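Comments concern the structure below.
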Number of protein chains: 2
Amino acid sequence: MKAQRQLSIRQYKASGFIGEQQELVRTTVIPYQYDVLRDRAGTEKSHVFDNFKNAAAALSGEDTGDGFYGMVFQDSDAAKWLEAAAFSIAVKPDRELEKEADELISLIAAAQDRDGYINTYFTIKDRDKRWTNLLEGHEMYCSGHLFEAGAAYYEATGKRELLDVCLKNAEHIYDRFVTQGKAGYPGHPEIELALLKLYRASGDERCLELAKHFIDVRGVDKDFYKKEKQARDWTVWGNNADDHDYQQNGSPVRLQKDATGHAVRAVYLYTGMADMAGESDDEELYNACRKLWESITERRMYVTGGIGSTVHGEAFSVDYDLPSDTAYAETCASCGLMFFASRMLEIKPSAEYADVMEQAFYNTVLAGMARDGKSFFYVNPLECIPGISGVSPTHRHDLTQRPGWYACACCPPNVARTIMSLGQYAYGESDDTAFCHMYAAGETSFKNGVQLVCETAYPFDMNVTYRSKKGGKTAVRLPGWSENTVITLNGKEIEPEIKNGYAYLTLADNDEVKLKLDDKPRMIFASGRVPELTGKACICRGPLVYCFEGVDNDGDVLSLRLKSELKAELTKVQVFDDIPALSVEALRSQGKGSLYFRERPKLTEMTAKAIPYFCCANRGETQMRIWLPIVY
Amino acid sequence: MKAQRQLSIRQYKASGFIGEQQELVRTTVIPYQYDVLRDRAGTEKSHVFDNFKNAAAALSGEDTGDGFYGMVFQDSDAAKWLEAAAFSIAVKPDRELEKEADELISLIAAAQDRDGYINTYFTIKDRDKRWTNLLEGHEMYCSGHLFEAGAAYYEATGKRELLDVCLKNAEHIYDRFVTQGKAGYPGHPEIELALLKLYRASGDERCLELAKHFIDVRGVDKDFYKKEKQARDWTVWGNNADDHDYQQNGSPVRLQKDATGHAVRAVYLYTGMADMAGESDDEELYNACRKLWESITERRMYVTGGIGSTVHGEAFSVDYDLPSDTAYAETCASCGLMFFASRMLEIKPSAEYADVMEQAFYNTVLAGMARDGKSFFYVNPLECIPGISGVSPTHRHDLTQRPGWYACACCPPNVARTIMSLGQYAYGESDDTAFCHMYAAGETSFKNGVQLVCETAYPFDMNVTYRSKKGGKTAVRLPGWSENTVITLNGKEIEPEIKNGYAYLTLADNDEVKLKLDDKPRMIFASGRVPELTGKACICRGPLVYCFEGVDNDGDVLSLRLKSELKAELTKVQVFDDIPALSVEALRSQGKGSLYFRERPKLTEMTAKAIPYFCCANRGETQMRIWLPIVY
């Protein structure tokens, strides 16, 4: 069913903004996270490397030293770092990094039990508890991330050690759940999408079969976790086994219609489902994915591509419940939304998927990391008011500044691996066509022979040039947000065939296609069904959502009002290197009085400054707002 | 220090709107709640009467039947009902009701231990746990409500049985905490304010001394609950003993500046503090009360007089954090705010206190009860959106409709007793002056000899007439919200001495003073520091806050916009008997598009209908909003 597929990591070499982000990840984030994982960065303790060492000792019957430390899913931090490192090596060979990765892989391999099982939490703490708590134990979640790392590392280096560890682990799981027919499915989906990657890297059909198994059985016995809980005498967090929304197991996945529960689990599951639907031509599964996609993007998604409105269960709540200030909008969830979008796009190349993928990437995913690559947001609210945010009991999770690390450190390495593998999302290919989904500067080689060089200062400049070093069939996305897109071929305006938001072209060698996308700042309104956003608007330009920060606006963004006719332009003021601010004709409301008062606040003309949302919170604690009240 | 004092319940006979509310409570609410407490109303189980029976059995060493049922503070429901019944009997003698009350009093008396202890939870379940858990046990909270009932019943009937039970219980507590010097102070403040009432009813100085003791020791040892927790092996709810904000014990009360924690506990404590400050001329205590008053009314109070912004701990959160939709704004907390305001007013007759007292009463307290007196809100949000309210994890406490009863049933009887005793708040007196704080229709006799008849259709009509059957010095409040108040004496406009918002007059017999208060609907804005309320306004008229309900506005209040120039008038349409709606020139925003879209919504002129907030949610589940976006 797949109309086109993700590229492999080696096919794209980034330049421009993406290149800079990758360079930041390569030179700063990956080394920094390596130090964190080895507990050398002076941040929140990780102990990930030591967990593997101690697990290996446990397997050999030796002293396990200081034992296990961290979350039940602590292993996944190592796997995600390894995956980012693999992508980094593919992007730019680095012998030192490869050595570090090889050492970690050896540690991991040594922590694998003879039967293929790997998980340091259970291996160190209590081997008898293996597989007794799928609800909370995260064994398959950790395996999934290892499989992703194994596939990536094999692709990047050609080395099989980690791939073989993964396959042996997959075989162990296959044996348990397929051959032996043991009941159950993963508490935190992830292994489904990862098994598909492992299948593609290794060709091992059992990986595909196991992924299909977990997708098929999920929710068929919706009381599985309840029974499991009754049968065990231990718990990690005391999770409610009956919360079917949280677990996405209230019905078989093919019957699910609303995106519910823990947002990361949800989109990881949907990614696996969409990949499987495409891989196995499963129309029914695809239709379920489509419904879930609509549930998210039409009713439960922030304008930043953030998902998960509530801290309670880090979860989707209900339709149109999209509070700005108490948002959860976890960084990982927006990574997952990109993954889901990318798999939907494989089945049907339609700009709506790439639009959302880009929306999530350029706003929430990038906001997850400070501009210096050394601190990270887990939660990405659309409004920050020091004094309330991070302090009020309902806002405790909405921090005003990015911490250096987290006890639950899922997000930082997720940002790193997503940026490093952006080529997989930005481009795609069918047997005969090269697809350009995002405007990612750099050089890309497609299997159909097309070689494209993309030159652009996107997402800040909306002129995008594709030069074909080798020609061939090429499809270029025209984003939904661009009302006036001009396409020229070798300097001449053309009107190519357009289908589902993609322009289909046949390029000769050395052709030059230029896109001139709509570069005007635009005002965005929200459905009248979203209580939070009535009477408000926000400003976007290209794929970027803009925000207003106190530091640029006399310390007070609460009194800013937008005019209903937007007048805004790029300034020469650069908030960060090469990132220009927007100047916006606005109004300031000057109300006098106490808590409640009677005299109508006066509005005075002023020029407000807005910056890309992903740049927020980089200049000290300050007010921040995306949605402002509009004045007609 | 007291400049004037609350009236006793017998001095005011209500008519007009207050009379109607009292009649509703007398004929419907009190009998209904009596049935509930006896488990005859088909609602949430109460078991209150049976708890007392079973406790008496426990004391006699007999079989305790079906034991204890309910909250640890279940006894207080009986006490609050009894207090309301006492007020009701004072207002209008009722032999049947008095018989029911006497029977309940006998039950209570039989459940009192020989040493004066009364509490059915501990007496039935485990007498050894008495006084081991002040943090959660609510023993003094229940005693406090009993003392209030005892004082009221004595005042209403002259019967001493319950008063003597209370004094014996107070003596028991005095013996423990004063004579024996045992450490500790009440987890849930209430006994402080109640001991002052018991002192005034009985003249027993030890009640005053005990109240002073608990006020003085609170927070001096802020680790008391922590030590207590370490010393006990049981818990009710697993409360955090270190949450000093929640417990109002982070410092001695005289040093407290911010209203924090559980809002009902807070204002009950502050009421006791203010009463004590006035009673004992304690300037330092008064100054603390004043700071706490400002913390509430200048930074932490809803326009409805609701307090407690967050469900987490049913508590105050931080300054300017006043979400409409996820508000807690417990009914009891607004009763408590009235109590606090009334005690502050005793010390200094200033309209600001009566303004807030009225704001809390006519909006949140009255909203706590359905118009038929048979269902009740515990939580009073300022916005209700079916589909989100009561459903989203962050809005579960914000019900769209009033239930018939609650497992935790503190609020319904609190509304009943507050309405029945409104005269205590509406009027006051010093040795030489009769004070009129609220415009409560009815007849009032003051100790200075003044007898006033107040005639008015307030709060719907702003004309108030006071006729002096007997003349004398009289002070009448001029509300802060009335910009143009005209005062006439016997038909002639006068300009009396005005001090702190009170007009001081000396009336001859049969004088007629008329107040013409500002009756124009007014638009209210909020401080620019309240993120929730930027760009919004609400409508008030007199003491009433108005809301827009879907049922009056084509099902959709989210798309309503206010014009910056308010044009609104009373309609002849009465939403309930004698309660007129407001018609408001407004706009409807008609936005087209999906979740986020680009075309500016059109505004069309329309006439919206607003009703008093306290009448909301009486006509089925529907959208409701107080604060609307304004369009300039």
Q | Residue check, residue B:594 facing another protein chain (nearest Cβ under 9 Å) and either open to solvent by 40 Å² or more (accessible area, probe 1.4 Å) or farther than 28 Å from residue A:319 by Cα (or both) | A | yes
Q: Could you please let me know if residue A:533 is within 30 Å of residue B:384 (Cα to Cα) and among the hydrophobic types (A, V, I, L, M, F, W, C)?
A: yes
Q: Filter the range A:373-406 down to residues that are under 19 Å from residue B:312 (Cβ atoms) and outside any loop (DSSP other than H, G, I, E, B) and give me whichever is nearest to the other protein chains (Cβ to nearest Cβ).
A: A:389
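So that you can scan it fast, the table gives a plain yes or no per residue for (1) outside any loop (DSSP other than H, G, I, E, B); (2) open to solvent by 20 Å² or more (accessible area, probe 1.4 Å); (3) touching a helix residue (DSSP H, G or I) at 6+ places or on another chain (Cβ under 8 Å); (4) more than 30 Å from residue B:629 (Cα to Cα):
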{"residue": "B:264", "(1), (2), (3), (4)": "yes, no, yes, yes"}
{"residue": "B:269", "(1), (2), (3), (4)": "yes, no, yes, yes"}
{"residue": "B:276", "(1), (2), (3), (4)": "yes, no, yes, yes"}
{"residue": "B:281", "(1), (2), (3), (4)": "no, yes, no, yes"}
{"residue": "B:312", "(1), (2), (3), (4)": "no, yes, no, no"}
{"residue": "B:320", "(1), (2), (3), (4)": "no, yes, yes, no"}
{"residue": "B:333", "(1), (2), (3), (4)": "yes, no, yes, no"}
{"residue": "B:336", "(1), (2), (3), (4)": "yes, no, yes, yes"}
{"residue": "B:345", "(1), (2), (3), (4)": "yes, no, yes, yes"}
Q.
For the structure I just gave you, tell me whether residue A:188 is farther than 19 Å from residue A:343 by Cβ, open to solvent by 10 Å² or more (accessible area, probe 1.4 Å) and under 22 Å from the mean Cα position of the chain (by Cα).
A. no
**Q.** Qualifying positions in the range A:561-575 - among the hydrophobic types (A, V, I, L, M, F, W, C) and either buried (at least 20 other Cβ atoms within 10 Å of the Cβ) or within 14 Å of another protein chain (Cβ to nearest Cβ) (or both)
**A.** A:562, A:566, A:568, A:575
Q: Could you please tell me which pairs satisfy a Cβ distance under 9 Å, a separation of 6+ or placement on different chains, a first residue in the range B:598-610 that is touching a residue at least 40 places away in the same chain (Cβ under 8 Å), and a second residue that is surrounded by fewer than 15 Cβ atoms within 10 Å (Cβ to Cβ) and among the aliphatic types (A, V, I, L, M)?
A: B:609/B:573
Q | Single condition residue B:353 does not satisfy, out of (1) open to solvent by less than 10 Å² (accessible area, probe 1.4 Å); (2) in contact with an Asp or Glu (Cβ under 6 Å, 6 or more places away or on another chain) | A | (2)
Q | Which listed residue is more than 29 Å from the chain's Cα centre (by Cα), more than 9 Å from chain B (Cβ to nearest Cβ) and modelled with pLDDT of 95 or more, from A:555, A:535, A:550 | A | A:555
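Yes or no, residue by residue, for (1) in contact with a strand residue (DSSP E or B) (Cβ under 7 Å, 6 or more places away or on another chain); (2) of a type outside the set (Val, Ile, Thr); (3) under 13 Å from residue A:288 (Cβ atoms):
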{"residue": "A:205", "(1), (2), (3)": "no, yes, no"}
{"residue": "A:210", "(1), (2), (3)": "no, yes, no"}
{"residue": "A:213", "(1), (2), (3)": "no, yes, no"}
{"residue": "A:218", "(1), (2), (3)": "no, yes, yes"}
{"residue": "A:228", "(1), (2), (3)": "no, yes, no"}
{"residue": "A:239", "(1), (2), (3)": "no, yes, no"}
{"residue": "A:258", "(1), (2), (3)": "no, yes, yes"}
{"residue": "A:263", "(1), (2), (3)": "yes, yes, no"}
{"residue": "A:269", "(1), (2), (3)": "no, yes, yes"}
**Q.** Of all residues making up the range B:265-302, the number that are more than 16 Å from residue B:218 (Cβ to Cβ) and either within 14 Å of chain A (Cβ to nearest Cβ) or of a type in the set (A, V, I, L, M) (or both)
**A.** 10
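So which residues in the range A:1-16 are of a type outside the set (D, E, K, R) and out of contact with any strand residue (DSSP E or B) (no Cβ under 8 Å at 6 or more places or on another chain), if there are any at all?
Result: A:1, A:3, A:8, A:9.
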Q.
As an exercise: evaluate residue A:415 against (1) of a type in the set (A, V, I, L, M, F, W, C); (2) assigned to a helix (DSSP H, G or I); (3) open to solvent by 40 Å² or more (accessible area, probe 1.4 Å) and give the number of the one condition it does not meet.
A. (3)
(Q) Please verify whether residue A:515 is in contact (Cβ under 8 Å) with a residue 24 or more places away in the chain, part of a strand (DSSP E or B), open to solvent by 10 Å² or more (accessible area, probe 1.4 Å) and hydrophobic (A, V, I, L, M, F, W, C), treating the condition exactly as stated. (A) no
Q | Residue ID - nearest to residue A:72 (Cα to Cα), chosen from residues in the range A:241-257 that are touching a residue at least 40 places away in the same chain (Cβ under 8 Å) and open to solvent by 10 Å² or more (accessible area, probe 1.4 Å) | A | A:246
Q) Mind checking which residues of the range A:436-488 are more than 17 Å from residue A:511 (Cβ to Cβ) and part of a strand (DSSP E or B)? A) A:442, A:477
**Q.** Failed item, numbered, when residue B:520 is tested on (1) more than 8 Å from chain A (Cβ to nearest Cβ); (2) part of a strand (DSSP E or B)
**A.** (2)
Q) Which members of the range A:206-240 meet the condition of being small (Gly, Ala, Ser), modelled with pLDDT of 95 or more and over 23 Å from the mean Cα position of the chain (by Cα)? A) A:219, A:231
Q: Would you point out which residue out of A:304, A:326 is touching a helix residue (DSSP H, G or I) at 6+ places or on another chain (Cβ under 6 Å), among the hydroxyl-bearing types (Ser, Thr, Tyr) and at negative phi?
A: A:304
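A quick yes/no check of all residues on (1) surrounded by fewer than 23 Cβ atoms within 10 Å (Cβ to Cβ); (2) among the β-branched types (Val, Ile, Thr):
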| site | (1), (2) |
| --- | --- |
| B:476 | no, yes |
| B:486 | yes, yes |
| B:490 | yes, no |
| B:496 | yes, no |
| B:521 | yes, no |
| B:528 | yes, no |
| B:533 | no, no |
| B:552 | yes, no |
**Q.** Residues of the range B:527-574 satisfying the condition of being aliphatic (A, V, I, L, M) and closer than 21 Å to residue A:632 by Cα
**A.** B:533, B:537, B:539, B:557, B:558, B:560, B:562, B:566, B:568
Q | Residue in the range B:71-92 that is part of a helix (DSSP H, G or I) and open to solvent by 20 Å² or more (accessible area, probe 1.4 Å) present | A | yes
Q. Where in the range A:166-240 are there helices (runs of 4 or more DSSP H), lying fully within it, with 2 or more residues that are closer than 18 Å to residue A:261 by Cα, without any contact (Cβ under 8 Å) to a residue 24 or more places away in the chain and out of contact with any Gly (no Cβ under 7 Å at 6 or more places or on another chain)?
A. none
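For every residue, the table says whether it meets (1) under 23 Å from residue A:337 (Cα atoms); (2) in contact with a Phe, Trp or Tyr (Cβ under 8 Å, 6 or more places away or on another chain); (3) open to solvent by 20 Å² or more (accessible area, probe 1.4 Å).
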| position | (1), (2), (3) |
| --- | --- |
| A:403 | no, yes, yes |
| A:422 | yes, yes, no |
| A:433 | no, yes, no |
| A:450 | no, no, no |
| A:461 | no, no, yes |
| A:464 | no, yes, no |
Q.
If I filter the range A:576-586 for residues that are of a type outside the set (Val, Ile, Thr), open to solvent by less than 20 Å² (accessible area, probe 1.4 Å) and within 12 Å of another protein chain (Cβ to nearest Cβ), do I get at least one hit?
A. no
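The values are calculated or read from the model by the stated rules, or taken from the named source; none is laboratory data. The structure displayed is predicted, hence computed values, not measured ones. Cβ sites come from the backbone with ideal geometry, for glycine too, and all protein chains shown count toward neighbours. The protein model used for the area step is the full one, side chains on, heavy atoms only, and it has no ligands, DNA or RNA in it. Shrake-Rupley method; radii C 1.70, N 1.55, O 1.52, S 1.80 Å.
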